[in-house]
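The values are calculated or read from the model by the stated rules, or taken from the named source; none is laboratory data. These numbers come from a predicted model, not from an experiment. For neighbour counting, all protein chains shown are included, and Cβ atoms are generated from backbone atoms with ideal geometry for every residue, glycine included. These area figures cover heavy atoms from the full protein model, side chains too; ligands, DNA and RNA do not enter into them. Shrake-Rupley method; radii C 1.70, N 1.55, O 1.52, S 1.80 Å.
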Amino acid sequence: MTFKDLHIISMKSFSRDMIDHILDTAEKLEPIASSKSKSDLLKGKVLAVMFFEPSTRTRMSFETAMMRLGGDVLSLGSVDASSIAKGETLADTIRVVQGYSNAIVLRHNKEGAAQLASEFSSVPIINAGDGAGHHPTQTFLDLYTIRRESHLEGLKIALAGDLKYGRTVHSLCYALSLYGAEITLVSPKELRMPAEIVDDLKSHNIKVRETDSIEEAITDVDVLYATRIQKERFPDPAEYRKVANSLQITPELLEKAKPELKVMHPLPRTNEIDPRVDDTPHACYFKQSFYGVPVRMALLALVMGALE
Amino acid sequence: MSLEETPIPEIRVHPIRNGTVIDHITAGQALNVLNILNIPNPSSGVVSVLINAPSVHGIKDVVKIEGRELNVEEVDRISLIAPNATINIIRNFEVSEKTHVHIPEKVSGVVKCINPNCISNSNEPVTSRFTVKPDGRKITLRCSYCERTISEGIGDHLL
């Protein structure tokens with residue numbers, strides 16, 4: 001299995017063996033991510049970071065990952081101050097930037113942008129989110145968090161919140177299907193997981209249960225993965241408040257959960273998780289965002305050929 | 001003989017000497033077939049179209065193109081909207097070759113992605129591209145860029 005020059009576009013192009021190898025590599029690099037040791041693994045390499053949409057965690061964790069491995073980061077900066085504002089196509093921008101870098105991280109507002117970029121690039125493209133499409137590095141860090149803080153084998157997980165539009169949960173479901181997880185989907189009927197994804201999971205012999213009650217879902221799961229519920233999905237603000245309140249994770253709710261339950265969230269959160277949960281042993285979301293660094297270090301080192 | 005009893009002369013589409021007859025087109029799809037074949041154009045010759053023609057299995061559309069033999073790629077594109085069509089190559093009034101359309105694994109530049117936010121619908125130097133998945137009598141197209149699928153009304157999204 002070789003990762004050198006591999007484009008990372010969608011989870012669907014990764015087998016379980018490939019995912020395991022990436023997670024193993026991330027675990028080896030974790031001491032470097034937390035400054036416990038130093039590395040020059042990517043010295044002399046340049047990572048181009050092109051974000052056409054705002055981002056905090058994804059962008060900064062990619063930049064940190066590259067710097068922790070001794071590499072340099074080249075940033076597109078503001079789209080308004082670039083040739084893109086003059087009407088340059090993404091294809092042309094990629095053809096130019098590939099000449100300046102050893103890999104390109106791309107976030108774009110249009111679905112399929114990373115796939116298109118990969119067709120015009122001789123260096124690896126890493127998809128950091130393409131519209132409502134894919135965000136595979138988020139899924140890798142979610143899997144890594146589950147593996148480090150809970151367990152991937154025999155996992156029972158509840159996914160709660162906006163399961164209709166949330167791209168992170170779609171990719172995560174696909175990846176969890178490779179590990180045979182038991183999945184409970186918790187959402188109001190307006191934000192249910194698309195039927196084709198549920199059918200796809202069932203066709204992989206995954207146990208899937210759908211409910212709108214978080215109390216019911218929480219009792220026997222190992223991980224509760226919450227996602228942001230966006231106000232703009234609801235025409236009626238009162239309905240939004242009702243749904244958001246019904247899915248809010250509080251210390252009182254967590255009293256019904258197993259002691260080892262971990263609460264995850266891709267962040268930013270609004271009011272899905274009561275801040276009082278932060279101080280409980282269940283809270284895992286800030287660690288989750290840190291784990292983005294070793295996971296992205298692993299991906300960068302593998303696609304740039306610095307590690308096998 | 002009264003006016004009501006006067007026999008109405010049957011209007012027939014004449015046999016063609018050389019060209020292609022596309023038979024058993026899904027009823028209502030003939031104009032989309034012409035669209036896929038880029039007809040009419042100045043060099044398309046005489047083209048006859050039958051819509052909702054009676055057939056053993058109900059109704060069908062038929063297209064007769066004079067002076068043009070369709071190639072394999074053109075025939076396969078037709079399968080997206082008329083998977084049961086048959087292609088008859090006519091030479092000197094005789095059926096010289098008869099084939100069924102073959103559903104291709106991939107198509108590009110035929111159908112437009114239905115997702116308005118797909119990168120293939122923007123000002124980029126790429127043509128739309130889909131993988132084709134036959135499912136019984138139904139066909140599903142999956143965009144190679146955004147992965148959105150089209151299974152209903154494919155003929156409405158021709159480029």
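Restricting attention to segment A:264-308, the residues being modelled with pLDDT under 95 and within 12 Å of A:Thr25 (Cα to Cα) number 1.
Residues considered: A:Ser187, A:Ser203. Of these, the only one that is more than 16 Å from A:Leu224 (Cα to Cα) and among the polar types (S, T, N, Q) is A:Ser203. Checking each residue in segment B:107-159 for being at the interface with chain A (Cβ under 10 Å from one of its Cβ atoms), of a type in the set (Val, Ile, Thr) and part of a strand (DSSP E or B) picks out only B:Thr149. Of all the listed residues (B:Val13, B:Val49), the sole one being open to solvent by 40 Å² or more (accessible area, probe 1.4 Å) and at pLDDT below 90 is B:Val13. Taking each residue of segment A:232-244 that is in the same structural domain as A:Pro188 (by the TED database) and among the aliphatic types (A, V, I, L, M) and looking for partners that are assigned to a helix (DSSP H, G or I) and open to solvent by less than 50 Å² (accessible area, probe 1.4 Å) with beta-carbon atoms closer than 9 Å, six or more apart or interchain, yields A:Val243/A:Leu191. Going through A:Ala175, A:Ala195, A:Ala226, A:Ala244 one at a time, which residue ends up being open to solvent by less than 10 Å² (accessible area, probe 1.4 Å), more than 18 Å from A:Ile146 (Cα to Cα) and not polar (S, T, N, Q)? Unique residue meeting the criteria: A:Ala244.
Summed over segment A:88-109, the residues that are assigned to a loop (DSSP other than H, G, I, E, B), open to solvent by 50 Å² or more (accessible area, probe 1.4 Å) and within 12 Å of another protein chain (Cβ to nearest Cβ) give a count of 2. The single condition from (1) more than 19 Å from A:Gly131 (Cα to Cα); (2) touching a Ser or Thr at 6+ places or on another chain (Cβ under 7 Å); (3) open to solvent by 60 Å² or more (accessible area, probe 1.4 Å) that B:Thr131 fails is (3).
Is one or more of the residues making up segment B:90-102 more than 14 Å from chain A (Cβ to nearest Cβ), of a type in the set (A, V, I, L, M) and either open to solvent by 60 Å² or more (accessible area, probe 1.4 Å) or outside any loop (DSSP other than H, G, I, E, B) (or both)? I'd like the intermediate steps shown before the answer.
Looking only at segment B:90-102, we keep the residues that are more than 14 Å from chain A (Cβ to nearest Cβ), and these are B:90-102.
Retained after the next criterion (residues that are of a type in the set (A, V, I, L, M)): B:90, B:95, B:101.
After this cut, where a residue has to be either open to solvent by 60 Å² or more (accessible area, probe 1.4 Å) or outside any loop (DSSP other than H, G, I, E, B) (or both) as well, the list is B:90, B:95.
The answer is yes; a qualifying residue exists.
Just to be sure, is A:Asn127 within 14 Å of chain B (Cβ to nearest Cβ), within 22 Å of A:Gln288 (Cβ to Cβ) and not aromatic (Phe, Trp, Tyr)? Yes; evaluated as a whole, the condition is true for this residue. Residues that are surrounded by fewer than 17 Cβ atoms within 10 Å (Cβ to Cβ) and assigned to a loop (DSSP other than H, G, I, E, B) within segment A:46-71 comprise A:Glu53, A:Pro54, A:Ser55, A:Thr56, A:Gly70, listed in sequence order. Within the option set A:Leu74, A:Leu29, being more than 14 Å from every other protein chain (Cβ to nearest Cβ), open to solvent by 30 Å² or more (accessible area, probe 1.4 Å) and aliphatic (A, V, I, L, M) holds for one residue only, A:Leu74. Out of A:Gly70, A:Gly87, which single residue is touching an Asp or Glu at 6+ places or on another chain (Cβ under 8 Å) and at positive phi? Only one candidate passes the filter, namely A:Gly70.
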